[in-house]
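Notes for the one structure printed next.
The values are calculated or read from the model by the stated rules, or taken from the named source; none is laboratory data. Predicted model, so just to flag it, every value in this text is computed and none were measured. Positions of Cβ are generated from backbone atoms using ideal geometry, with glycine treated the same way; all protein chains shown enter the neighbour counts.
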Amino acid sequence: MRKKGQKTFAKSAQMQMSFGMIFSIILIVAFLAFAFFGIKTFLGIQNSAKSAKLASDLQADIDKVWKSAQSSEEKQYILPEKKSFGCFVVFNSGARGPKSGIYNELKRADYGKENFVFYPVDLSNTESFEIKHIALASITQNENPFCISNINGKLKLKLVKDFDEDLVRIERVG
């Protein structure tokens, strides 16, 4: 006969089994949450790397054209995911042209010397760069910001320098 407060072995084993199952489910959920967080972080790093590579490759190509006497080269670069445009912009000048509506959002990525910004701006990633040796005043004369569209994940542009020019001009392709 059972005494008051004494549990049978079967009931005790069932309770331990339930606790073990609940604990296992909690651990599985925690591991899945950590895995999704890790994947999201990795993809963010990947987009930052694409941004930095685009800026580095663009600067290297501009430097090559800038050092030549005359050149006209069409180039394409891989644009980070979820970016609609790569924009050349003068922040101390007013907005004008068809993309003037995004000027204020691009201005959030201005830290002093930047003249190339990705749109839409996401300040958690690298979004703006200083590109040297470009004729920024000429590029943004009619459009500020001067934006180049993302076409199938690529940014296509033309780098132009004539004999009488000191700096490289950027033009849209097609």
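Out of the residues in region 65-95 that are basic (K, R) and at pLDDT below 90, which is surrounded by the most Cβ atoms within 10 Å (Cβ to Cβ)?
From region 65-95, those basic (K, R) are 67, 75, 82-83; that's our starting set.
Applying the additional criterion that residues be at pLDDT below 90 yields 82-83.
Values: K82: 10, K83: 21.
The selected residue is K83.
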Checked N115, N142 against criteria (touching a residue at least 12 places away in the same chain (Cβ under 8 Å), surrounded by fewer than 19 Cβ atoms within 10 Å (Cβ to Cβ) and more than 27 Å from K40 (Cα to Cα)); the one match is N142
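Which of the residues that make up region 143-157 are more than 14 Å from C87 (Cβ to Cβ) and polar (S, T, N, Q)? I'd like the intermediate steps shown before the answer.
Just the residues of region 143-157 that are more than 14 Å from C87 (Cβ to Cβ), to begin with: 151-154, 156.
Matches in region 143-157: N152 only.
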Region 34-73: number of residues that are closer than 14 Å to I170 by Cα and in contact with a Gly (Cβ under 9 Å, 6 or more places away or on another chain) = 1
Where I62 falls short, out of the listed (1) aliphatic (A, V, I, L, M); (2) at pLDDT below 90; (3) surrounded by 14 or more Cβ atoms within 10 Å (Cβ to Cβ) = (2)
